[in-house]
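Pasting in a structure now, in structure tokens, and then I'll have a few things to ask.
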Amino acid sequence: MLDLFAEEEPWQEPLAPGAVVLRRFARARAGALISAIEAVAAVSPLRQMVTPGGYTMSVAMTNCGEVGWTTDRRGYLYSATDPLTRAPWPPMPAAFSALCHQAAVAAGYPDFQPDACLINRYAPGAKLSLHQDKDEPDLRAPIVSVSLGLPAVFQFGGLKRNDPLQRIMLEHGDVVVWGGPSRLFYHGILPLKAGQHPATGDCRYNLTFRQARKVE
Ligand code: SIN
Ligand code: FE2
């Protein structure tokens, strides 16, 4: 019999050379991922950081893993300690590592070993302006990005800021992986539309896995 409540099987949508959207890839494990986010944020709270230009980011952030991405008036930096708690960032939850590894394999990056996970929380109106992820020393490693909760419009461009942008709606459980030729492509998130999601309430979470330290 047709089960109207069955989980949709994940599927893949190519995005650019080296980049793919793994639709619904994380959906079946979203509950465990969200519990793990809450556990990390209970130790290293979500906070709105300040950019070197003095702008307070609309997205609230925290990290887990060996190092975490931070920004303040002095610049962008991967740090082994949380500047707020002055303690190490919480370790990467097992549910995060497992999901990230499986997504990287599915996208063609079986050797990806992330040591950092940035957790972004978008409230209605929060956005991330067009940027490149370029604070990592080893650009051979891809980026694995997991969307949870409310949908958001992801912009994905090219190597130049003014290259044409694709606009992709990212929904609960979608995973985007980009690396190789598209590792430095510009991307961003348009202002989050208000709504309610059964898994996260009035917000969207994004997990961004990176290899932030040089290995060898
Ligand atoms: C990021 O570029 O760090 C986050 C992208 C997203 O929220 O999907
Ligand atoms: Fe980014």
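Please list, by residue number, every one of the chymotrypsin sites (Phe, Trp or Tyr not before Pro) in the stretch 36-121 that is coil in DSSP and has at most 13 other beta-carbon atoms within 10 Å.
55
Give me the lysines in straight-line cross-link reach of residue 214: C-alpha distance below 26 Å, same-chain residues under 8 apart excluded.
134, 160
Which of 168, 37, 119 ends up with the largest GNM mean-square fluctuation for the chain, with Cα atoms connected below 10 Å?
Of the options given, 168 has the highest mean-square fluctuation.
Please report the relative contact order for the chain, taking Cα pairs under 8 Å with a sequence separation of at least 6, and give it as a percent rounded to a whole number.
About 25 percent, as a whole number.
Give me the 1.4 Å probe accessible area per residue for the chain, excluding ligands and nucleic acids, in Å².
Ligands and nucleic acids excluded, the result is 49 Å² per residue.
Could you work out the relative contact order of the stretch 66-163, using alpha carbon pairs under 8 angstrom and six or more residues apart, expressed as a whole percent?
That works out to 23 percent.
Round to the nearest 10 and report in Å² the accessible area of residue 34, as given by a 1.4 Å probe over the protein chains' heavy atoms.
It works out to around 10 Å².
Could you please state how large a percent of the accessible area of the chain is carbon and sulfur, counting protein chains only and using a 1.4 Å probe?
Carbon plus sulfur share of accessible area: 58 percent.
The values are calculated or read from the model by the stated rules, or taken from the named source; none is laboratory data. Quick caveat: nothing in here was measured; it's all calculated off a predicted structure. As a convention, Cβ positions derive from the backbone with ideal geometry for all residues, glycine included, and neighbour counts pool all protein chains shown. These area figures cover heavy atoms from the full protein model, side chains too; ligands, DNA and RNA do not enter into them. Shrake-Rupley method; radii C 1.70, N 1.55, O 1.52, S 1.80 Å.
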